[in-house]
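Some notes on the structure that comes next.
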Amino acid sequence: MVLELLRSFKTSPKQAPARPVSRILARPRWSQSFPRPGCPLGARAHPLGGRRPVLGRAPDTPSAACVSAGVLWQQSRKSSFPLRAKMPPCDFSPGNYEAYPYDHMLKIRKQNVSPSLTTYYKKPLLLHQGHMQWLFDYEGKRYLDLFAGIVTVSVGHCHPKVTAAAQKQLGRLWHTTNIYMHPSIQEYAEKLTALLPDPLKVVYLTNSGSEANDLAMFMARLYTRNFDIICFRGGYHGGSPYTQGLTSIGSYKHGVANGFGCPTTMLPDVFRGPWGGSHCRDSPVQTVRKCRCSGGHCHANNQYIEQFKDTLNTCVPKGIAGFIAEPIQGVNGAVQYPKSFLKEAFQLVRERGGVCIVDEVQTGFGRTGSHFWGFQTHDIVPDIVTMAKGIGNGFPMAAVVTTREIANSLAQNLHFNTFGGNPVACVVGSAVLDAILEDGLQKNSEEVGTYMLFELAKARDKFEIVGDVRGKGLMIGIEMVKDKDGRQPLPIEEIGQIWEDCKDMGVLIGKGGIYGQTFRIKPPMCITKKDADFALEVFHAALMRHMERKAAT
């Protein structure tokens, strides 16, 4: 249905490109394109012609043929088993890096950028250019991006259709506020709301996920005239003073008063929680825990619903403002609930006069594969939907979509957003929707994501430290443990070593979980099966290398 609605806005949609499925592996050897990883610029002659690059600049741009050959990465330590995989070809050549040298950039970062904005990796990456699923650093090294700018690049870095739409609008009208009409905001509002079920037909455009969730909380309280909003432990809904109350991960708490009226309830985590089994969640891969379900009833779901009822009976008044949940928890590591939990919980919330808010900031826009929106996998229709990240493929935009009745509650007094509904943002958002349709990205998410889940499940069965593999589409979590029986998190130092090894071999992945114990795989939705094979081989090699380190101690 979603695809039909998207097609109604296009006169001649293109067919999705064919996706290669073969695995390409190679014996370890050095790339002919770029200097060896870890080799300082100028320390060795450039392999393409003997010229030394100027410090602070990338080597001469390689030919497309050289780039297509694939950049092969070498780890700094020898192993007794094959660790190399051939990076899939890319027909894009990055331009020369022409900014400050790396060391000067790092100095500025430390002196002039807030220390709260931490960087990944022991040696932070200095990225220069992006193309679809690929990122290039200042030295020209190519990386497969499996984290998509924290689940934000939905259709691909610098997607040509989205880039062209933004460039065209920049030459026409950059900005005018909502006090005037301009074509793009009306066109986009119609296009976006057509993808949501009735009665979710009114949109308020904002600039970030935190801002969208902040506004959703405000709307819920205005509409119900109640205050308490229940949230899951382990949930992440933003960093504003309002939404910090909903964000229930200790590392995001700052020890100052914020977010009053946000009681938490037990997270129905069927892997780490007290109850769970092998048939509980909507995922191609289930937990290895034994299932106690019988007679068509999910034992874990029943127990978690009882805990939710306990929260309602002990922590909040008879009337509540609402309940907020991610269809799949993102920052906490792709945590999934029993299949019927949200449906039953929504009914209990509505009985208390509350509204049901679904945070689609990470799960929306086809990422789960089977559906366009994550809430559709739970057979529910929320009262308010928030969305951001993938909505703009990296452009700062977000939205709150709700019913006419709830939207009217905000119109009783003035409420204004200067940049929400910006002309460029709306044109970018519209182009993203077109790209999802034309490139077949929802279907690709389902096919490639399911493939990766099944292949990662083989690693779970092989390695004792891989405790759980879960997710749906291209929203995948790999939870690392000391051992499967105890399910205690793998020490953060060991997680970091595996993570760094993957980066050194050319694959960027995220981390999450309350204890930082879960690898997060959420790439641009244009990733191919060939890319997946490369990433899987790299991850397997990193796990094997970890086992070697453990055996040597």
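The values are calculated or read from the model by the stated rules, or taken from the named source; none is laboratory data. Computed from a predicted structure; not experimentally measured. So basically every Cβ, Gly included, is an ideal-geometry build from the backbone, and we count neighbours across all protein chains shown. These area figures cover heavy atoms from the full protein model, side chains too; ligands, DNA and RNA do not enter into them. Shrake-Rupley method; radii C 1.70, N 1.55, O 1.52, S 1.80 Å.
Miscellaneous remarks
- Some residue of region 543-552 being touching a strand residue (DSSP E or B) at 6+ places or on another chain (Cβ under 8 Å) and touching a residue at least 24 places away in the same chain (Cβ under 8 Å): yes
- Just so you know, in region 366-378 the residues that are in a loop (DSSP other than H, G, I, E, B) and of a type in the set (A, V, I, L, M, F, W, C) include one that is surrounded by the most Cβ atoms within 10 Å (Cβ to Cβ), and it is 373.
- Filter result (in a loop (DSSP other than H, G, I, E, B) and surrounded by 19 or more Cβ atoms within 10 Å (Cβ to Cβ)) within region 292-316: 298, 316
- Residues located in region 165-221, provided they are in contact with a Cys (Cβ under 8 Å, 6 or more places away or on another chain) and of a type in the set (Ser, Thr, Tyr): 184, 188
- Condition check for residue 289: at pLDDT below 95, of a type in the set (D, E, K, R) and crowded, with 16+ Cβ neighbours inside 10 Å: yes
A quick yes/no check of all residues on (1) under 16 Å from residue 435 (Cα atoms); (2) open to solvent by 50 Å² or more (accessible area, probe 1.4 Å); (3) assigned to a helix (DSSP H, G or I):
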{"residue": "111", "(1), (2), (3)": "no, yes, yes"}
{"residue": "121", "(1), (2), (3)": "no, no, no"}
{"residue": "136", "(1), (2), (3)": "no, no, no"}
{"residue": "144", "(1), (2), (3)": "no, no, no"}
{"residue": "179", "(1), (2), (3)": "no, yes, no"}
{"residue": "189", "(1), (2), (3)": "no, no, yes"}
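- Filter result for residue 184 (open to solvent by less than 60 Å² (accessible area, probe 1.4 Å), in contact (Cβ under 8 Å) with a residue 12 or more places away in the chain, of a type in the set (Ser, Thr, Tyr) and outside any loop (DSSP other than H, G, I, E, B)): yes
- Note on region 404-431: residues that are open to solvent by less than 10 Å² (accessible area, probe 1.4 Å) and assigned to a loop (DSSP other than H, G, I, E, B) total 2.
- Whenever a residue of region 252-264 is free of Cβ contacts under 8 Å to residues at least 24 places away in the same chain, its partners that are open to solvent by 20 Å² or more (accessible area, probe 1.4 Å), lying with C-beta atoms within less than 7 angstrom and at least six residues away or across chains, give the pairs 252/239; 252/244; 258/241; 258/244; 259/241; 259/242; 259/244.
- Test for residue 467: is it at pLDDT below 95 and either closer than 21 Å to residue 276 by Cα or open to solvent by less than 30 Å² (accessible area, probe 1.4 Å) (or both): no
- Among the residues of region 277-291, those identified as touching a helix residue (DSSP H, G or I) at 6+ places or on another chain (Cβ under 8 Å) and either within 18 Å of residue 343 (Cα to Cα) or not in a loop (DSSP other than H, G, I, E, B) (or both) are 280, 282, 283.
- Given (1) surrounded by fewer than 24 Cβ atoms within 10 Å (Cβ to Cβ); (2) within 30 Å of residue 510 (Cβ to Cβ); (3) in contact (Cβ under 8 Å) with a residue 40 or more places away in the chain; (4) in contact with a Leu (Cβ under 9 Å, 6 or more places away or on another chain), number of the condition residue 325 does not satisfy: (1)
- Of the residues making up region 379-396, those that are in contact (Cβ under 8 Å) with a residue 40 or more places away in the chain, open to solvent by 10 Å² or more (accessible area, probe 1.4 Å) and among the hydrophobic types (A, V, I, L, M, F, W, C) number 2.
- Per-region count, region 514-547, residues open to solvent by 10 Å² or more (accessible area, probe 1.4 Å) and more than 20 Å from residue 449 (Cα to Cα): 6
- Checking the stated criteria, residue 363 turns out to be closer than 21 Å to residue 399 by Cβ, open to solvent by less than 10 Å² (accessible area, probe 1.4 Å) and modelled with pLDDT of 95 or more.
- Residue 245 being buried (at least 16 other Cβ atoms within 10 Å of the Cβ) and touching a Cys at 6+ places or on another chain (Cβ under 6 Å): yes
- Exactly one residue out of 196, 173 is surrounded by 19 or more Cβ atoms within 10 Å (Cβ to Cβ) and either in contact (Cβ under 8 Å) with a residue 24 or more places away in the chain or touching a Gly at 6+ places or on another chain (Cβ under 9 Å) (or both), and it is 196.
- Residue 203 meets all of the listed conditions (1) assigned to a loop (DSSP other than H, G, I, E, B); (2) open to solvent by less than 60 Å² (accessible area, probe 1.4 Å) but one, namely (1).
- Going through (1) open to solvent by 40 Å² or more (accessible area, probe 1.4 Å); (2) more than 30 Å from residue 245 (Cβ to Cβ) one by one, residue 130 falls short only on (1).
- Of all residues in region 249-281, those that are within 20 Å of residue 477 (Cα to Cα) and open to solvent by less than 30 Å² (accessible area, probe 1.4 Å) total 11.
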